[in-house]
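Remarks on the structure that follows.
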Amino acid sequence: MHWWRDAVIYQVYPRSFADHDGDGYGDLAGIAARLDHLVELGVDAVWMSPFYTSPQADAGYDVADYRAVDPLFGTLDDFDKLAARARELGLKLIVDLVPNHSSDRHAWFQAALAAAPGSTERARYVFRDGVGDAPPNDWTSVFGGPAWTRVPDGQWYLHLFDTHQPDFNWDNPEVREEFLDVLRFWLDRGVDGFRVDVAHGLVKRLDDATWRGQSEGIAKADPSGEGPPMWDQDAVHDIYRSWRALLDTYGTPGDKILVAEAWVAPPPRLARYVRGDEMHQAFNFEYLLAPWEPDELRRIITESLAANGAVGAPTTWVLSNHDVVRTASRLGVSGPPMLGGIGADDPQPDPVLGLRRARAAALLMLALPGSAYVYQGEELGLPEHTTLLDTLRQDPTWERSGHTSKGRDGCRVPIPWRADAPAYGFSPTGASWLPQPPIWAQLAPDRQRGVEGSTFELFKAALRLRREFGLGSGELRFLDLGPRVLAAEVGETLVVTNFGVERVELPAGRRIVLASEPVEGDTIPTDVTVWSRTT
């Protein structure tokens with residue numbers, strides 16, 4: 001079986017993982033120095049968010065040079081040392097690829113601005129004439145505001161995100177060849193795969209004059225099968241078939257992987273991205289966005305496994321990443337989960353309830369068949385930084401939304417390593433590009449390592465037992481243990497999560513081997529997940 005089908009993959013957000021040179025920003029040398037932590041945790045692979053040359057208008061997701069490391073993070077030599085260290089430790093290495101848009105500082109876009117309408121240079125991006133003094137259509141940016149910006153000669157360019165992130169024109173063969181070459185560049189340096197940013201957005205239906213609404217959230221197909229004109233267009237799959245063909249020439253087919261960041265629903269539509277000749281994994285964002293409710297989670301799990309199974313692909317489970325409120329805060333509220341950032345003036349999540357549910361959610365996710373992703377700091381139980389001063393916010397969403405969305409800074413705060421060190425061990429100088437909350441001291445790894453019941457030790461045990469029991473490759477069968485209970489057998493392991501207020505009795509003949517919270521006897525308290533085996 002290919003390694004990625006049941007792998008647990010850890011996401012590193014480079015600027016917030018570990019700072020080696022003391023400037024307050026994480027870097028590649030810092031990541032390399034902390035890989036032992038991931039080996040101890042027990043993950044199979046590392047995915048790194050962008051580290052390429054960038055003006056950092058959107059924290060590196062505005063790429064100016066796809067074949068170079070930004071000096072903020074180090075050099076290509078630092079990357080090669082990091083890749084070699086990962087191989088030495090037995091960790092696979094996945095890097096981010098940002099193909100929907102570049103930075104406005106990219107040489108191609110600078111050439112487009114200097115060229116005339118209709119030129120070869122402009123044909124690499126989505127430039128259009130407006131309608132009088134209005135933009136070509138009324139699409140809006142994911143980050144807020146219009147999705148079009150006018151240039152001095154009167155044309156407009158499309159940016160589904162920030163003004164500094166012009167969208168490529170993927171109908172242009174030159175763009176397609178350029179990205180095949182970018183893939184080759186990093187494959188030749190030994191990477192094991194690519195997480196593809198905005199994988200559902202490369203192809204647009206610009207002639208759609210009927211669309212009204214925001215260009216954000218999960219792209220849901222209507223009854224005719226069509227989605228919003230900027231997302232999930234059928235032609236995008238031709239691109240990924242060509243990428244898959246290239247990856248399969250490196251080593252044994254299936255060694256190198258493509259991972260889709262595709263905010264697409266329903267599950268059969270998302271499964272199209274992981275057909276046998278396309279990508280290998282696609283994040284299950286419907287699962288991430290689900291409320292803490294057993295019926296909804298059971299539906300999503302059932303439909304996802306069925307849809308992916310129909311195309312012979314595993315399901316890729318995810319609870320958090322650098323774009324959403326951290327799990328320990330998102331689940332610490334009643335009602336729909338908060339996703340768009342939390343500020344000091346917003347209702348504050350219950351930290352005790354949130355961490356309790358986050359631990360239960362992690363054990364549930366890690367028991368499901370397929371692969372799973374863990375965002376840095378989740379293994380420590382880190383909450384969202386909810387009291388970050390507005391004057392310190394750097395996410396472009398904050399400004400483009402007119403200060404109505406707090407943005408994603410709260411989940412991107414540099415993580416702790418040592419309770420009593422400057423910047424909690426993130427930086428040797430105490431510098432930190434965003435301030436860390438005081439709670440980081442008690443959640444640092446040196447305060448949790450070896451402590452029975454700590455979140456770090458819970459994750460370590462879960463990953464060890466997941467591998468031992470073969471949970472990632474097991475078959476799942478739901479059981480009925482009550483209306484507020486989610487119970488399923490995965491192979492020989494019974495996984496039970498209690499969402500209700502009443503305790504739930506474990507079926508006879510079972511012994512608990514792992515629990516998200518202490519359990520007395522065989523009754524499971526509220527907001528607790530247990531793994532059990534036959535006695």
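Looking only at the stretch 281-309, how many residues end up being farther than 17 Å from Leu319 by Cβ and of a type in the set (S, T, N, Q)? Of the residues in that region, 2 qualify.
Scan the stretch 7-44 for residues that are in contact with a Leu (Cβ under 8 Å, 6 or more places away or on another chain), assigned to a loop (DSSP other than H, G, I, E, B) and farther than 21 Å from Gln436 by Cα and the total you get is 3. Does at least one position in the stretch 16-25 carry a residue that is under 24 Å from Asp181 (Cα atoms) and open to solvent by less than 10 Å² (accessible area, probe 1.4 Å)? Within the stretch 16-25, not a single residue is under 24 Å from Asp181 (Cα atoms) and open to solvent by less than 10 Å² (accessible area, probe 1.4 Å). In the stretch 450-473, of all residues being of a type in the set (D, E, K, R) and in contact (Cβ under 8 Å) with a residue 40 or more places away in the chain, the one that is nearest to Pro294 (Cα to Cα) corresponds to Arg466.
Counting only residues that are touching a Ser or Thr at 6+ places or on another chain (Cβ under 8 Å) and over 14 Å from Phe127 (Cβ atoms), which one in the stretch 164-173 is surrounded by the fewest Cβ atoms within 10 Å (Cβ to Cβ)?
Step one: of the stretch 164-173, the residues touching a Ser or Thr at 6+ places or on another chain (Cβ under 8 Å) are 164-166, 168.
With over 14 Å from Phe127 (Cβ atoms) added as a condition, the list becomes 164-165.
Values: His164: 20, Gln165: 27.
Applying the filter and picking the extreme gives His164.
Annotation: of all residues in the stretch 474-488 being in contact (Cβ under 8 Å) with a residue 12 or more places away in the chain and surrounded by fewer than 17 Cβ atoms within 10 Å (Cβ to Cβ), the one that is nearest to Val528 (Cα to Cα) is Arg484.
Residues in the stretch 390-414 that are over 30 Å from Ala362 (Cα atoms) and part of a loop (DSSP other than H, G, I, E, B): Ser401, Gly402, His403, Thr404. Of the residues examined, Gly144 is one that is farther than 17 Å from Val203 by Cβ, of a type in the set (Gly, Ala, Ser) and surrounded by 19 or more Cβ atoms within 10 Å (Cβ to Cβ). Screening Arg510 against (1) in contact with a Lys or Arg (Cβ under 9 Å, 6 or more places away or on another chain); (2) free of Cβ contacts under 8 Å to residues at least 60 places away in the same chain; (3) open to solvent by 40 Å² or more (accessible area, probe 1.4 Å); (4) more than 29 Å from Phe17 (Cα to Cα) leaves a single unmet condition, (3).
The rows are residues; the columns are (1) surrounded by fewer than 20 Cβ atoms within 10 Å (Cβ to Cβ); (2) modelled with pLDDT of 95 or more; (3) in contact with a His (Cβ under 9 Å, 6 or more places away or on another chain).
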site	(1), (2), (3)
Val46	no, yes, no
Asp62	no, yes, yes
Asp70	no, yes, no
Thr75	yes, yes, no
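Test Arg447 against the stated conditions and say whether it is among the basic types (Lys, Arg), part of a helix (DSSP H, G or I) and either within 29 Å of Asp295 (Cβ to Cβ) or open to solvent by 20 Å² or more (accessible area, probe 1.4 Å) (or both). Criteria met by Arg447. Here Leu366 does not fit the description of being at pLDDT 95 or above and surrounded by fewer than 21 Cβ atoms within 10 Å (Cβ to Cβ).
When restricted to residues that are under 22 Å from Arg122 (Cα atoms) and in contact with a helix residue (DSSP H, G or I) (Cβ under 9 Å, 6 or more places away or on another chain), the stretch 63-96 contains 4.
The values are calculated or read from the model by the stated rules, or taken from the named source; none is laboratory data. Since the structure is predicted, the reported quantities are computational estimates derived from the model, not experimental observations. Reconstructed Cβ throughout: ideal geometry from the backbone, glycine too, with neighbour counts over all protein chains shown. These accessible areas exclude ligands, DNA and RNA; they are computed on the full protein's heavy atoms, side chains included. Shrake-Rupley method; radii C 1.70, N 1.55, O 1.52, S 1.80 Å.
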